[in-house]
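These notes concern the structure reproduced below.
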Amino acid sequence: VLAEVIKAFGAPENAQRMEEARDNACNDMGKMLQFLLPVATQIQQEVIKAYGFSSDGEGVLKFARLIKSYESQDPEIASMSGKLKAMFLPPMTLPPHGAGTGGVAAS
């Protein structure tokens, strides 16, 4: 099921929907939640409903929890889960080292 969800994100129409949502979000986390997450949820819902998950947000959450429970047991599932998350979560950027940490400034 996870492989099919990843494949669905690669479908041209879904890739275009995701790209438009990313453009609207402009790397702003709040806007990512507003624009990108609903599109990603819809794409997942379209696939997982064929496997007995409800076709709503709760179905996607149950699917995500199920995947999470298998990540530690199966490296392939962990890898695919990481690929899926990378499709709709922005990369985390770390703040510059020492910036705003209250550290002692070099003189």
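Taking the criterion of being more than 20 Å from M18 (Cα to Cα) and among the aromatic types (F, W, Y), the residues of segment 31-62 that qualify are Y51, F53. Among the residues of segment 67-80, those that are open to solvent by less than 70 Å² (accessible area, probe 1.4 Å) and farther than 22 Å from E19 by Cβ comprise I67, S69, E71, D74, I77, A78, S79. Of the residues making up segment 33-64, those that are closer than 18 Å to M80 by Cβ, among the aliphatic types (A, V, I, L, M) and crowded, with 19+ Cβ neighbours inside 10 Å number 5.
The values are calculated or read from the model by the stated rules, or taken from the named source; none is laboratory data. Keep in mind that this is a model prediction, so the values were computed, not measured. Backbone-built Cβ (ideal geometry, glycine too); neighbour counts: all protein chains shown. Keep in mind that these areas ignore ligands, DNA and RNA; they rest on the heavy atoms of the full protein, side chains included. Shrake-Rupley method; radii C 1.70, N 1.55, O 1.52, S 1.80 Å.
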